[in-house]
1. Under a plain spin-label model, where a point goes 7 Å from the Cα along Cα-to-Cβ, how far apart in nm are residue 53 and residue 123?
2. So what's the back-of-envelope 222 nm ellipticity for the chain, counting only DSSP H runs of four-plus at -39500 (n - 2.57) apiece and dividing by all residues, rounded to 500?
3. Tell me, what % of the accessible area of the chain is carbon and sulfur with a 1.4 angstrom probe?
4. How big is the Rg/Rh ratio for the chain, C-alpha atoms only, Rh by Kirkwood, two decimals?
5. Summing Lys, Arg as +1 and Asp, Glu as -1, what charge do residues with Cβ under 9 Å from the Cβ of residue 243 carry, residue 243 excluded?
6. Just read off the accessible area of residue 57 with the full protein assembly in place, 1.4 Å probe, to the nearest 10 Å².
7. For segment 294-381, what relative contact order do you get, as a whole percent, if you take Cα pairs closer than 8 Å and at least 6 residues apart?
8. Hey, for a label at residue 340 modelled as a point 7 Å past Cα toward Cβ, could you say which residues of segment 117-143 have their backbone N under 19 Å away?
Amino acid sequence: MLKGFDRLFALLATSLSAQAVLANEQDVERWGVNMPQGVTEVAQTTYELHMLIFWICVAIGALVFSIMFYSMWRHRKSKGYQAAQFHESTVVELVWTIIPTVILILMAIPATKTLYDIYDTEEEDLNIVITGYQWKWKYEYRGTDVSFFSSLSTPKAQIDNLQPKGANYLLEVDEPLVVPIKKKIRFLITANDVIHAWWVPDLAVKKDAIPGFINDAWTRIEEPGIYRGQCAELCGKDHGFMPIVVKAVPQAEYDAWLSSRAAEAIKMRELTAKTFTFEELFAQGEKVYTRTCAACHQPNGQGVPGVFPAIAGSKIATGPLNGHLDIVIDGSTVNPAMQAFGEQLSEVDLAAVITYQRNAFGNEMGDTVQPVDILNFKNKQ
């Protein structure tokens, strides 16, 4: 008996401890089992529909089980009741057909209206093309020159448990998707390599990104804020490192941001024609390498034996330049893990990182690759 009380006490203590831990609002949100209410009209409607259907199911379950358990208790064998013996009952069959049908119709009416709203992507104010890559997202604002990649920005030291994990661990990016509030935004979602899924719970948007196919979805955010999501499709070894961050801002702030990004795009095109010094390319190349290449080839260029080849002393980085350009720009046909960076990086960044790889880690090839060399290589393809 004492052991039984001990177990009961331990169970209660564990339960109370768990509740204390979950008292933190962040933990409640993290460990909550219900869907989020969201910040858009569609998200709210979807949540209300979900709760309506949930409570209808709860009411049906409670009614059915109550009748069942009462009948079992009221007509138990110990009181001498005998099971009824009958075959076919038109009344019973009509009842168990009509009642579920009416319930389903009542549930289908709000569900159909919600689905219609979710798929109504017409009369949009802004179109954004979203392309999934392993393992980043590309955003293109249609009708403008603005496009960029958005990648995970969580420090590797946090991932390797060398630093305490931040509040937005694995849910932070270097370039958030910036959108205006109170505008209908249409997302055109596709993928470049494998199937991904663009999912932001607060916006109630979750769409598969499929190579060669375009799905569309829409949202209208009423209040400024930062909304986070993730890739929702198992897309490869770094699937968990593919977050989404949407920053909703007032229209004036959005216009200013868009203008600055357009000016940067023009400046980048102008830089493509510039001839850089070796020192400029090497310094920029180190930044690009750290941001883009180091996760696989490692910060010291030694790679991971049997998994990711080393840059230090490699045949590619110390071989003919065209071979190096080819694998960085077009990727590897032998090793799918080596992506094609021709569209992911600008000509300036491509020239810089190739220059860096050919002269860092003891390679010392003495090459200097200019942005115009990248353009010429692409034009010959």
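The values are calculated or read from the model by the stated rules, or taken from the named source; none is laboratory data. Computed from a predicted structure; not experimentally measured. Cβ coordinates were reconstructed from backbone atoms using ideal geometry, including for glycine residues, and neighbour counts include every protein chain displayed. These accessible areas exclude ligands, DNA and RNA; they are computed on the full protein's heavy atoms, side chains included. Shrake-Rupley method; radii C 1.70, N 1.55, O 1.52, S 1.80 Å.
1. Taking the two extended label points, one gets 2.6 nm.
2. -14000 deg cm²/dmol
3. The nonpolar share, carbon plus sulfur, comes to 60 percent.
4. 1.13
5. It works out to a net charge of 0.
6. 70 Å²
7. 22 percent.
8. 130-140
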